[in-house]
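Structure first, then comments.
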Amino acid sequence: MKQEKSPLILAGKRKLFRPTGQVLLKELQEIKVIYIRQAGQIIRFLPNNIGDHSKRILELAGYDMSIYVAKKAEKTVL
């Protein structure tokens, strides 16, 4: 966020350059994942109404929306 020129605009039109983790998690709670069981598989979908603010938070953290629908990573033993 230090290099960003524009702040995050969150619920209530709050403009923040240094949001807390709690604020970010609250914003991301708005993302709903649709699970469908079909032929013994679980298929995950995201609705089309996910806000630009949530997408930007994920982008700033180095992720994209695929983290919500990608298959779980297998556990590895180190």
Problem set entry | Area projected by the alpha carbon convex hull of the chain, averaged over all directions, nm² | 7.5
Exercise. Who wins for biggest fluctuation among Arg14, Arg56, Arg37 in a Gaussian network model of the chain, springs between alpha carbons below 10 Å?
Worked result: Arg37
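Read-outs throughout are calculated quantities, based only on the coordinates presented, and are distinct from any laboratory measurement. As the structure is a computational prediction, the values presented were derived from the model and not from experiment.
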